[in-house]
Amino acid sequence: MFAHLHVRSTFSFLSGGSSPEDLVTSAKRNNDKYLALTDVNGVYGVVRFLKLCKAEGIVGIVGAEVTLDHHPVVLLAQTKEGYACLCDLLTKVHLADRKKPGILLENIPDPQDLICLSGGRESLLRKLVSEGKIGAARSWLERLSKAFPHKLYVELANTVSYGDRAMIDALYHLSQKMDLPVVATND
């Protein structure tokens, strides 16, 4: 099964280029059954997005790209309770520092019904691996795994950029060593 799980809309200023309408139209044209909306530190377009998905017979997945320990991870709500938890977390993110929103991992509330993707190209995991800091990368994944038990996925983002293949191989190898599942994305 394939689903776009790391998708930003125009509500992610300078990070997303498509409206929720355009995203759903494209998903329908491609016969996608599922589509996530994961705007940066917010769920701004979620009502429009879910209405459009429902009208087109697409399962809309609600999430956000959340700044955690100064780096992005993707959180996806599994249930209505997960959505409430995500909204609570996003409130804390914006109250923590209005100039640069974010929250530290140890300050997140119980992430009930949330799935965590380790983050795409700008993630802390990719940064550490690219710097050869495999021990620190492993430590970061262990911390995430404790916060999101059995709900952490290592994100393998292929943007067809120089070095992506080697990075994907390194992340996959690390995920296998740590017995963590992977998910392919392209943020």
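The values are calculated or read from the model by the stated rules, or taken from the named source; none is laboratory data. Just so it is clear, the structure is predicted and the values come from calculations on it, not from any experiment. With ideal geometry, Cβ positions are generated from the backbone for all residues, glycine too; neighbour counts draw on all protein chains shown. These area figures cover heavy atoms from the full protein model, side chains too; ligands, DNA and RNA do not enter into them. Shrake-Rupley method; radii C 1.70, N 1.55, O 1.52, S 1.80 Å.
When region 33-51 is filtered for residues that are among the aliphatic types (A, V, I, L, M), under 18 Å from LEU90 (Cβ atoms) and buried (at least 18 other Cβ atoms within 10 Å of the Cβ), the ones remaining, listed by number, are ALA36, LEU37, VAL40, VAL43, VAL46, LEU50. Contact map, region 90-103: first residue under 21 Å from VAL62 (Cα atoms) and of a type in the set (Gly, Ala, Ser), second residue open to solvent by less than 100 Å² (accessible area, probe 1.4 Å) and assigned to a helix (DSSP H, G or I), Cβ cut-off under 8 Å, separation 6 or more or different chains; pairs are GLY102/VAL93; GLY102/ALA96.
Scanning region 135-168 for residues that are under 17 Å from the mean Cα position of the chain (by Cα), open to solvent by 30 Å² or more (accessible area, probe 1.4 Å) and over 19 Å from ASP113 (Cα atoms) yields ASN158, THR159. Restricting LEU105, LEU95, LEU68 to those that are among the aliphatic types (A, V, I, L, M), at pLDDT below 95 and within 14 Å of the chain's Cα centre (by Cα) reduces the list to LEU68.
When region 1-40 is filtered for residues that are among the hydroxyl-bearing types (Ser, Thr, Tyr), more than 18 Å from VAL183 (Cβ to Cβ) and part of a strand (DSSP E or B), nothing remains. Taken across region 64-74, residues that are of a type outside the set (Phe, Trp, Tyr) and farther than 26 Å from MET167 by Cα do not occur at all. Within region 1-32, restricting attention to residues that are among the basic types (Lys, Arg) and open to solvent by 70 Å² or more (accessible area, probe 1.4 Å), which residue is nearest to VAL59 (Cα to Cα)? Once the filter is applied, the top-ranked residue is LYS28.
If you check TYR162, TYR172, which single one turns out to be more than 14 Å from GLY120 (Cβ to Cβ), modelled with pLDDT of 95 or more and among the aromatic types (Phe, Trp, Tyr)?
The unique qualifying residue is TYR172.
What is the one condition in (1) assigned to a helix (DSSP H, G or I); (2) β-branched (Val, Ile, Thr); (3) free of Cβ contacts under 8 Å to residues at least 12 places away in the same chain that VAL129 does not satisfy? Result: VAL129 fails condition (3) only. For region 97-126, the set of residues classified as more than 15 Å from ALA64 (Cβ to Cβ) and either open to solvent by 80 Å² or more (accessible area, probe 1.4 Å) or assigned to a helix (DSSP H, G or I) (or both) consists of ARG98, LYS99, LYS100, LEU105, GLU106, ASN107, ASP110, GLN112, ARG121, LEU124, LEU125, ARG126, listed by residue number. Number of residues in region 60-84 that are without any contact (Cβ under 8 Å) to a residue 40 or more places away in the chain, assigned to a strand (DSSP E or B) and open to solvent by 10 Å² or more (accessible area, probe 1.4 Å): the value is 4. Every condition in (1) without any contact (Cβ under 8 Å) to a residue 24 or more places away in the chain; (2) crowded, with 18+ Cβ neighbours inside 10 Å holds for LEU171 except the one numbered (1).
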